[in-house]
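Undergrad: Take a look at this one; I'll ask things after.
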Amino acid sequence: MARITMREAISQALWEEMERDPSVFILGEEVGVWGGTYAVTKGFYDHFGPERVRDTPIAEAAIIGGAIGAALTGTRPVAELMTINFAFSAMDHIVNEAAKLHYMFGGQFVLPMVIRAVGGGGRQLGATHSQTPDAVFAHFPGLKVVAPGTPEDAKGLLKAAIRSNDPVLFIEHATLYQVRGEVPEGDYVIPLGKSKVQRPGKDVTIITYSKMLELSTKAADQLAKEGIEAEIVDLRSLRPLDMGPVLESFKKTNRAVIVEEGWRSYGVGSEVAARIYEEAFDYVDAPIQRVAQKEVPLPYNRTLEQMALPQIEDIVKAVKEVL
Amino acid sequence: MKKEEHLELYYQMVLIRLVEEQAAQLYQQGKIGGFLHLYIGQEAVSTGLISARQPQDRVITAYRDHGVAINCGLSAREVVAELLGKVTGSSKGKGGSMHMADVNKNFWGGHAIVGAHLPIAAGLALGDQYQKNDGVTICMFGDGATNIGYFHEALNLSKVWNLPVLWVCENNQYGMGTAVERASAVSEIRQKAEGYSIPSSRVDGMDVLAVRKASEEAIAYVRSGKGPYFLEIVTYRFRGHSMGDPERYRKAEEVRQWQENDPIGIYRRYLVDHAIATESELNEVDQRANETTLDAVQFAESSPEPPAEMLFQHIYVDAD
Ligand SMILES: Cc1ncc(C[n+]2csc(CCOP(=O)(O)OP(=O)(O)O)c2C)c(N)n1
Ligand SMILES: [Mg+2]
C-alpha cells in the first residue's frame, strides 16, 4: 500500500496496463507532449513514444470513432476526452456506435475500449465546461459507465475497464485529482459493476459516488458528532448498476438519501430511488431524499455556482429530513 | 484613413493589451476564476478586422474573446466586471472570461466549445439572408478549430447556400500545445476553404493595417452577395494558451522572436515614421488607455455580485 493521489492512481493504472499489454495505447488532445491537461499522462510520451501516446487534432468524433475502429481490430485504445463536456461532440460515436455495435451485429463486433473523461463543476469554468452529465451516459445499454470516488477504486476500476471487452466510459472528477488515499501497489483489479459500502452505519443509508462521496463522508462525520450513524454506499459504476449493497443497507436502515452532483431530474437519484421503491417498498420508513444540483446551467460567478452545487449542509439536512 | 481613425485603432490595441495584463494580475490574485485565455500578441487581428465592419455586421468568436469584445465596442468596465463575475459584467457575471457578448453591439459571443460557433455563424448569416438584411457575419476561430467536423459542415453549408459570412481563421500556430503541422493536414489553413470553393486570402496578423485592408475587401465581397469568403490571419499568442500553461511545447526563443514582432510596436513605428502621429501624441493615447484600464478595474472591483435570485433567472424566456 502507498498513499498516493487520485491522479497518481489513475496514471499508475494506465502505465501498468501499457507495460503489461502492448495492444493498449492512448489517444486524445494534449495527452502526449503536454502530458495531459490534468497531468495524468505526464512522462508517458517520453517513455512509450508517439505511437502509443498519440496527440490528436481537436476532433472528438474522430477520437472516439477512431478508438472504436482500432478496438474492432483487436487493439485496446484508451481515448481521452479532455473534459466530458466534449463528449457531446462525439455523441454519435459513443451512443450510436460504441454502445450498439456488439448487439446490433449479433455479437460479431467486439470493442475493448475505454473513454476517459474529466467531469464536474466547482471551478468557475462556466456552463459549458462544468457539467456532470453522468446519468446521460448511463442511460444507454451497451455502454458501461464507471466513476470512482477514491484513489484505490480509480486504480482498480481503470485496470478492469482497460481489460474489459466492452466499451467503458471512465469518468474522473476534476476536483478529486489531489485527493490522497491508500492504494495497493502492482496488479490490483476491481471488477466493474460492484457497489461498495465505504462507511458502515445503522441509522440512514447515503447512496452516492465520485466527488459526492467526499462530501457525503464529511456530512457523515458531522452527523456522527450528533450521534447519527450514516452508512455510505458508493455506486462506483452507474451501469451496470449494482443495487445489492444499496438494498442490503436500506433494509437495515429503512431510510435513504441519494447524493449526486448532476441535475436532479432524470438523474442517478431518480433511478436509485425508483429501484428502492420497487424492490424494498416494505422497508421504507420515510420518503427518500435526493440531493443534487439545482436545475440551472452552472453560472461563472463563484457564489452562484456554489449555490447551485450540492453542499455538505444539504446532505446533513436531507439526512435529518428522513430520520 | 484619417489620423483620428489611426489613433483609434492604436488606442484599441493598447487598451486590449493593458486590460489583458491587468486580467493576468487579477487572476494571480485569485479574483478571476476558471480559465483565462489572453489575447496578448493578437491585438492587431480583431482590431483591424472589426474596424472594417459596419454596425449591421455581426461578430462571433471563440473563448479568446476579451479583445474582440473591446473592438466591438464593449467598455473595458463591462469586460473586467465580467472577468470578476460581477453583475455589471457583460453577461451579468454568469458567463465569465469565455462568454462575453453584447447583442446591441452585434457581438454574439464568446463560445467555449471549439468550433461549435461556426455552424451558428452560418445560421446568423442565414437569418440575415432570409430577412434580406445586408449584414455580414464575421466568424473568428483558431487554427485548431479547423480540424473539427463543425468547421467543415459550416463551410460547406455556407457555400451551398451562398451565405453572407466571412470566415476568419486566427492562425496563431498552436491549438493549446499542438503546433498546426502536428494537427492539420495543411499548415496553410486557407487551403481548406478551397475544398469548398470559397475564395480566400492570407494576411500578416501582426500588421493591423494589412488586416484592415484585407478585411475591408473581404467584407465588401461578402456584402456584394457573392457568398462566403475565407481570411487566414497569421499571428502568435505571446502568452500561454490559458493561465498556468507550462508551455513545454515551444521554445522560449521562438516566443521571444515573435515578441520582437509586437503588433503594437510595429504600428507605433509606422505612425511615427509616416508622420501620422508624434511620439508625444501616442504617449497621450497610452496614458488614456491606461486610465481607462485602471478605471475599469476599480469599477469592477467595487461592483456588486449578482444577487442570489439571479441563479434562477434566464433559464427560460417564457415564464411557466
Ligand atoms: C470541442 C472541444 N474540444 C476541446 C476543447 C478544449 N480546448 C479549448 S481551446 C483548445 C485549443 C483551440 O485552439 P485554436 O482553435 O487554435 O484556438 P487558440 O486557443 O489558439 O486561440 C482546446 C483543445 C474545447 N473547448 N472544445
Ligand atoms: Mg490556435
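Undergrad: Just give me the residues in region B:100-116 being within 14 Å of another protein chain (Cβ to nearest Cβ) and in contact with a strand residue (DSSP E or B) (Cβ under 8 Å, 6 or more places away or on another chain), in sequence order.
TA: Filtering region B:100-116 for residues within 14 Å of another protein chain (Cβ to nearest Cβ) gives B:100-101, B:109-116.
If the condition is that a residue be within 14 Å of another protein chain (Cβ to nearest Cβ) and in contact with a strand residue (DSSP E or B) (Cβ under 8 Å, 6 or more places away or on another chain), then B:Met100, B:Ala101, B:Gly109, B:Gly110, B:His111, B:Ala112, B:Val114, B:Gly115 are the ones that fit.
Undergrad: Additional query: Taking the residues in region B:152-183 that are near ligand 2 (Cβ under 9 Å from one of its atoms) and in a loop (DSSP other than H, G, I, E, B) as candidates, determine which candidate is farthest from B:Ser200 (Cα to Cα).
TA: Filtering region B:152-183 for residues that are near ligand 2 (Cβ under 9 Å from one of its atoms) and in a loop (DSSP other than H, G, I, E, B), the one farthest from B:Ser200 (Cα to Cα) comes out as B:Met176.
Undergrad: From the list B:Leu15, B:Leu49, B:Leu83, pick out the single residue that is crowded, with 21+ Cβ neighbours inside 10 Å, of a type in the set (A, V, I, L, M) and within 16 Å of ligand 1 (Cβ to nearest atom). Steps first, answer last, please.
TA: Values: B:Leu15 fails: within 16 Å of ligand 1 (Cβ to nearest atom); B:Leu83 fails: within 16 Å of ligand 1 (Cβ to nearest atom).
Sole residue among the options that is crowded, with 21+ Cβ neighbours inside 10 Å, of a type in the set (A, V, I, L, M) and within 16 Å of ligand 1 (Cβ to nearest atom): B:Leu49.
Undergrad: Based on what the data block shows, is B:Tyr27 among the aromatic types (Phe, Trp, Tyr) and either within 10 Å of another protein chain (Cβ to nearest Cβ) or on the phi > 0 side of the Ramachandran plot (or both)?
TA: Values: among the aromatic types (Phe, Trp, Tyr): yes; either within 10 Å of another protein chain (Cβ to nearest Cβ) or on the phi > 0 side of the Ramachandran plot (or both): no.
Here the answer is no, as B:Tyr27 does not meet what is asked.
Undergrad: Hey, can you tell me all the residues within region A:112-132 that are more than 14 Å from chain B (Cβ to nearest Cβ) and either surrounded by fewer than 23 Cβ atoms within 10 Å (Cβ to Cβ) or on the phi > 0 side of the Ramachandran plot (or both)? Can you show your working first?
TA: Looking only at region A:112-132, we keep the residues that are more than 14 Å from chain B (Cβ to nearest Cβ), and these are A:112-117, A:119, A:132.
Within region A:112-132, A:Pro112 is the sole residue that qualifies.
Undergrad: Taking B:Gly149 and the conditions (1) within 16 Å of ligand 2 (Cβ to nearest atom); (2) within 9 Å of chain A (Cβ to nearest Cβ); (3) touching a residue at least 24 places away in the same chain (Cβ under 8 Å), which numbered condition does it fall short on, given that it satisfies the others?
TA: With (1) within 16 Å of ligand 2 (Cβ to nearest atom); (2) within 9 Å of chain A (Cβ to nearest Cβ); (3) touching a residue at least 24 places away in the same chain (Cβ under 8 Å) applied to B:Gly149, the lone miss is (1).
Undergrad: Whether any residue in region B:122-135 is surrounded by 23 or more Cβ atoms within 10 Å (Cβ to Cβ) and not in a helix (DSSP H, G or I) is what I want to check.
TA: Pass one, region B:122-135, residues surrounded by 23 or more Cβ atoms within 10 Å (Cβ to Cβ): B:122, B:124-125.
Narrowing the set further to residues that are not in a helix (DSSP H, G or I) leaves none.
No, because not a single residue in region B:122-135 is surrounded by 23 or more Cβ atoms within 10 Å (Cβ to Cβ) and not in a helix (DSSP H, G or I).
Undergrad: Note down all Cβ pairs under 7 Å where the first residue falls in region B:224-249 and is at positive phi, the second is surrounded by fewer than 21 Cβ atoms within 10 Å (Cβ to Cβ), and they're at least six residues apart or on different chains.
TA: Close Cβ pairs (under 7 Å, with a partner that is surrounded by fewer than 21 Cβ atoms within 10 Å (Cβ to Cβ)) amount to B:Gly227/B:Lys159; B:Gly227/B:Asn162; B:Glu247/B:Gly240.
Undergrad: Limited to region A:57-81, what total is found for residues that are outside any helix (DSSP H, G or I), touching a Gly at 6+ places or on another chain (Cβ under 8 Å) and surrounded by fewer than 22 Cβ atoms within 10 Å (Cβ to Cβ)?
TA: Result for region A:57-81: 1.
Undergrad: State whether one or more residues within region B:190-204 are within 13 Å of ligand 1 (Cβ to nearest atom) and more than 14 Å from chain A (Cβ to nearest Cβ).
TA: No, there is no match, as no residue in region B:190-204 is within 13 Å of ligand 1 (Cβ to nearest atom) and more than 14 Å from chain A (Cβ to nearest Cβ).
Undergrad: Quick one: in region B:204-233, of everything that is crowded, with 22+ Cβ neighbours inside 10 Å and among the aliphatic types (A, V, I, L, M), which residue is nearest to A:Asp55 (Cα to Cα)?
TA: Checked region B:204-233; the qualifying residue nearest to A:Asp55 (Cα to Cα) is B:Ile233.
Undergrad: Still on this structure, I have one more. What's the number of the only condition in (1) surrounded by fewer than 18 Cβ atoms within 10 Å (Cβ to Cβ); (2) aliphatic (A, V, I, L, M); (3) without any contact (Cβ under 8 Å) to a residue 12 or more places away in the chain that A:Val136 fails to meet?
TA: (1)
Undergrad: Need the failing condition index for A:Ala117 against (1) farther than 28 Å from B:Gly93 by Cα; (2) without any contact (Cβ under 8 Å) to a residue 60 or more places away in the chain; (3) small (Gly, Ala, Ser), just the number.
TA: All conditions pass for A:Ala117, except number (1).
Undergrad: Oh, and also: If you take the residues of region B:180-189 that are touching a Lys or Arg at 6+ places or on another chain (Cβ under 9 Å) and more than 10 Å from ligand 1 (Cβ to nearest atom), which of them is nearest to the other protein chains (Cβ to nearest Cβ)?
TA: Filtering first and then ranking leaves B:Ala185.
Undergrad: Quickly run through region B:290-320 and pick out the residues that are within 12 Å of chain A (Cβ to nearest Cβ) and outside any helix (DSSP H, G or I).
TA: Going residue by residue through region B:290-320, those that are within 12 Å of chain A (Cβ to nearest Cβ) are B:303-316.
Scanning region B:290-320 gives B:Ser303, B:Pro304, B:Glu305, B:Pro306, B:Pro307, B:Gln313, B:His314, B:Ile315, B:Tyr316.
Undergrad: Show the residue pairs meeting these rules: Cβ distance below 9 Å; 6+ apart or different chains; first residue within region B:167-178 and more than 14 Å from chain A (Cβ to nearest Cβ) and more than 8 Å from ligand 1 (Cβ to nearest atom); second residue assigned to a strand (DSSP E or B) and among the hydroxyl-bearing types (Ser, Thr, Tyr).
TA: Within 9 Å, the pairs are B:Trp167/B:Ser200; B:Trp167/B:Tyr229; B:Val168/B:Thr61.
Undergrad: Just checking, which of A:Val24, A:Val53 is touching a helix residue (DSSP H, G or I) at 6+ places or on another chain (Cβ under 9 Å), among the β-branched types (Val, Ile, Thr), more than 24 Å from A:Leu125 (Cβ to Cβ) and more than 14 Å from chain B (Cβ to nearest Cβ)?
TA: Being touching a helix residue (DSSP H, G or I) at 6+ places or on another chain (Cβ under 9 Å), among the β-branched types (Val, Ile, Thr), more than 24 Å from A:Leu125 (Cβ to Cβ) and more than 14 Å from chain B (Cβ to nearest Cβ) holds for just one of A:Val24, A:Val53, which is A:Val24.
Undergrad: Filter region A:28-41 for residues that are within 10 Å of chain B (Cβ to nearest Cβ), over 14 Å from B:Arg182 (Cα atoms) and touching a residue at least 12 places away in the same chain (Cβ under 8 Å) and give the result. Working first, answer last.
TA: Here is the first cut: in region A:28-41, the ones within 10 Å of chain B (Cβ to nearest Cβ) are A:29-30, A:32-35, A:37, A:39.
Next cut, over 14 Å from B:Arg182 (Cα atoms) only: A:35, A:37, A:39.
Scanning region A:28-41 gives A:Thr37, A:Ala39.
Undergrad: Let me ask something else. With A:Ala280, A:Ala274, A:Ala292 as the choices, which residue is on the phi < 0 side of the Ramachandran plot, more than 14 Å from every other protein chain (Cβ to nearest Cβ) and assigned to a strand (DSSP E or B)? Even if it seems obvious, please write down each step before you answer.
TA: Details: A:Ala280 fails: assigned to a strand (DSSP E or B); A:Ala274 fails: assigned to a strand (DSSP E or B).
After ruling out the rest, the residue left standing is A:Ala292.
Just so you know, all these numbers are worked out from the coordinates, no wet-lab data involved. Fair warning: this is a prediction, and the values are worked out from it, not measured in the lab. We place every Cβ from the backbone using ideal geometry, glycine too, and count neighbours over all the protein chains shown.
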